[in-house]
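Chemist: Quick one: the structure is below, and I'll ask about it shortly.
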Amino acid sequence: MTQWLTLSRAAHLLGISRVSLQKRIREGELPSFDGMVDAEDLQRAWPQLDLDASGSFEKTRAIREDAFAKRLRERVLPSQEALAQRLFAQGQELAELQRTLTRYHRLVGDLRSRLASLPQPLAADLGHLLDEGLARAISAPAPRDDVRALDAMLRVMSAHVTVKPSGHEFFVEGSETLLKAALRAGLAPNYGCGNGNCGLCKARVVSGEARPVAPSDYGFSEAEKAQNHILMCTCTAHSSDLVLEVLEAGLPEDIPEQRIVTKVRAVDALGEDMIRLHLQTPRSNRLRFLAGQRATLGLSAGVASGDDLHAELPVASCPCDDRNLIFHVRRPASADFHGDRASDFAACVSAGLVKPGMEVSVWGPWGRFVLERESTRPLTLVAIDEGFAPINSLIEHAIAVDAAESITLYWAATRPGGQYLPNQCRAWASALDEFHYRPLDLAGLPAALAADGALAGSDVFLAGPAALVAPAEAALRAVGVPAAQLHTEPL
Ligand code: FES
């Protein structure tokens, strides 16, 4: 019996990205039909697939063996009710399989009786043929079926959610909420409070079952109840497959301006002249933004002498990074305050006046330096100095949502050590087959771009100090990057 798997589930089983799987399909290594692949074809294309090598199998073993099993079970396993429901669904599939087998048994029995009524020696010959055929079928070596076994296990451990109308997909681990799982997967669903009050994360269950895991006072209308509306921030997936109708932000204008108060979690040096400012949002009030956008950060009067200070900075983290907001702040050339709010803000951070635990207001998001929603073109990202901040956000998001078949990062620096997060870039390049990292001096950037024959067919994102972005943009246009595919973020 054919077992069809969606591309997301197949990629999840193999532990590879969906775009890598699509590439193998395009190259003819794996047949697919209507966006699905057959479990047996998958096993043939990846004969080395091994249950022992699967992270999910490891997870199950850990649950069984870990000395702190209870805590681990709570984190990675769905609730007992969800487990029972998913096992029941698998039991039903097995029962259906058994019914099919019983029908085949009866068919063979009927055939034998019909054969017995035929004249001899025809009946004996046909009976002999039937016996031989059955013996061959039973003794034939059964193909390894690790894919089915692994898929059956994953269906119990984690739920697969399909989002309408976008077709986005994500997996829910344990009893985490649908909102948390969707954000972790890099989706941008509509939401507000995050704790069941505002109703902005409303979604309609099209098929499958979702159940609450947190209380909520939100009052649904009778019509909404009848149409199976739920809150994504308080519900988890109960069945192993769930289809939801969700309002998602795809464009910057889909996200309203917000103002929240965050707390400084850490302030760390990044090389000699950059600082990482790590803010944490309240649990119930996160900042909604799209990867690559900016926000304004405000320090109240009193942190430094004088007025309030604020600066508009690109968010360097991905919207999928839970409550964490990361910003890269360049140390000003002089530690003096000049009356310019943005540079005084940087001077404040540089002088150590912004400390863990301190409140920082954040408002925004701003800007249109975001990935194109439906594009399937390769991604080329060009960062100049601290222009790496929004590029970092785009890369983390692109990786989280499998946005591109290949990603190339050029990071041009105007000074030694200007690539202030080299290990992170190298780690991406070594972990992902289709990630290419090219660090270089700014002087070498035009020649490197001119030698890149793939640029004209890519979506290109360029960010850096305004004075340096303009010549790099001209170099990109000169090598044939169409204006519609070129996105710039002068800082
Ligand atoms: S985000 Fe406010 S109710 Fe879910």
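Chemist: Could you give me the ³J(HN,Hα) list for segment 346-351, computed from phi with Karplus coefficients 6.51, -1.76, 1.60 and θ = phi - 60°, whole Hz, x at Gly and Pro?
Modeler: My calculation for segment 346-351 gives 4, 5, 4, 5, 5, 7 Hz in order.
Chemist: I've got another one for you. What residues qualify as long-range amide H neighbours of Gln258, i.e. H under 5 Å apart, gap of 5 or more or another chain, H built at 1.01 Å from N?
Modeler: Distant-sequence amide H within range of Gln258: Gly364.
Chemist: Once you order the gyration tensor axes a ≥ b ≥ c over the Cα atoms, which shape class does segment 156-252 get: rounded for a/c under 1.5, otherwise prolate or oblate by comparing a/b with b/c?
Modeler: Cα axes put segment 156-252 in the rounded bin.
Chemist: Starting at the first residue of segment 202-212, write each ³J(HN,Hα) from the Karplus equation 6.51 cos²θ - 1.76 cosθ + 1.60 with θ = phi - 60°, in whole Hz, x for Gly and Pro.
Modeler: Those phi angles translate into 4, 9, 9, 7, 7, 8, x, 9, 10, 9, x Hz.
Chemist: Starting with the fewest neighbours, write out Phe289, Phe388, Phe435, Phe369 ranked by other beta-carbon atoms found within 10 Å of each beta-carbon.
Modeler: Phe435, Phe369, Phe289, Phe388
Chemist: Taking a ≥ b ≥ c as the square roots of the Cα gyration tensor eigenvalues, with a/c under 1.5 meaning rounded and otherwise prolate when a/b beats b/c, else oblate, which class fits the chain?
Modeler: prolate
Chemist: What is the chain's relative contact order, in percent, from Cα pairs under 8 angstrom and six or more apart in sequence?
Modeler: Dividing the mean separation by the residue count of the chain yields 11 percent.
Chemist: Antiparallel versus total DSSP beta bridges in the chain: what percent is that, nearest 5?
Modeler: Restricted to the chain, the bridges split so that about 65 percent are antiparallel.
Chemist: Search the structure for amide H atoms under 5 Å from the amide H of Lys164, placed 1.01 Å from N in the peptide plane, and list their residues when 5 or more places away or on another chain.
Modeler: Amide H to amide H, under 5 Å and 5 or more residues apart or across chains, Lys164 pairs with Leu244, Glu245, Val246.
Chemist: Then there is this: At 0.36 nm per residue, and after removing the present C-alpha to C-alpha distance, how many nm does the segment from Leu130 to Ile16 gain when stretched out fully?
Modeler: Length gained between Leu130 and Ile16: 36.6 nm.
Chemist: Classify segment 256-366 from the C-alpha gyration tensor, please: rounded if a/c falls under 1.5, else prolate or oblate depending on whether a/b exceeds b/c. Numbers along the way, then the final one.
Modeler: On the way: a/c = 1.69, a/b = 1.46, b/c = 1.16.
Prolate, since a/c reaches 1.5 and a/b exceeds b/c.
Chemist: I'd like the trypsin sites (Lys or Arg not before Pro) in segment 334-418 restricted to DSSP loop residues with at most 15 other Cβ atoms within 10 Å, sorted by number.
Modeler: Sites meeting the loop and neighbour criteria: Arg368, Arg373.
Chemist: To continue, here is another question. Compute the angle between helix 388-400 and the longest alpha-carbon principal axis of the chain, please, reported from 0 to 90 degrees and rounded to the nearest 10.
Modeler: For 388-400 against the chain, the angle is about 10 degrees.
Chemist: Going by how many other beta carbons lie within 10 Å of each one, how would you line up Thr6, Thr408, Thr102, fewest first?
Modeler: Thr102, Thr6, Thr408
Chemist: Ranked from highest to lowest mean number of other Cβ atoms within 10 Å per residue, what is the order of the peptides 272-285, 454-467, 106-119?
Modeler: Highest-to-lowest ranking by the protection proxy: 454-467, 272-285, 106-119.
Chemist: Specify the angular offset, from 0 to 90 degrees and rounded to the nearest 10, of the alpha carbon long axis of helix 422-431 from the longest principal axis of the alpha carbons in the chain.
Modeler: Helix 422-431 sits roughly 10 degrees off the main axis of the chain.
Chemist: Can you give me the long-range amide H partners of Met274? Hydrogens built in the peptide plane at 1.01 Å from N, cutoff under 5 Å, separation of 5 or more residues or another chain.
Modeler: Arg331
Chemist: Quick check: pseudo-label points 7 Å beyond the Cα along Cα→Cβ at Ala447 and Gln120, how many nm apart are they?
Modeler: 9.4 nm
Chemist: So, one more: Using θ = phi - 60° and the Karplus relation 6.51 cos²θ - 1.76 cosθ + 1.60, list the HN-Hα couplings for segment 188-201 in order, rounded to whole Hz, with x at every Gly or Pro.
Modeler: Calculated HN-Hα couplings, in order: 10, x, 6, 6, x, 5, x, 9, x, 9, 7, x, 5, 8 Hz.
Chemist: Continuing with the same structure: Place the peptides 226-233, 176-183 in order of packing, highest mean first, counting for every residue the other Cβ atoms within 10 Å and averaging per peptide.
Modeler: Peptide ranking by packing, descending: 176-183, 226-233.
Chemist: Here is a follow-up. Relative to the first principal axis of the alpha-carbon coordinates of the chain, what is the inclination of helix 80-116, with its axis defined by its Cα atoms, in degrees from 0 to 90 and to the nearest 10?
Modeler: It works out to around 30 degrees.
Chemist: Below 20 Å, Cα to Cα, which aspartates and glutamates can Lys225 reach? Residues fewer than 8 away in the same chain don't count.
Modeler: Once the sequence-local aspartates and glutamates are set aside, what remains near Lys225 is Glu209, Asp217, Glu245.
Chemist: Past the 19 Å Cα-Cα mark, which pairs from Lys164/Lys202; Lys263/Lys355; Lys180/Lys202; Lys23/Lys180? Please report the intermediate quantities before stating the final value.
Modeler: Values: Lys164/Lys202 13 Å; Lys263/Lys355 9 Å; Lys180/Lys202 14 Å; Lys23/Lys180 29 Å.
The answer is Lys23/Lys180.
Values quoted throughout were computed directly from the atomic coordinates according to the rules given, and no laboratory measurement underlies them. Every value quoted in this text rests on a predicted model; they were computed, and no experiment measured them. Cβ sites come from the backbone with ideal geometry, for glycine too, and all protein chains shown count toward neighbours.
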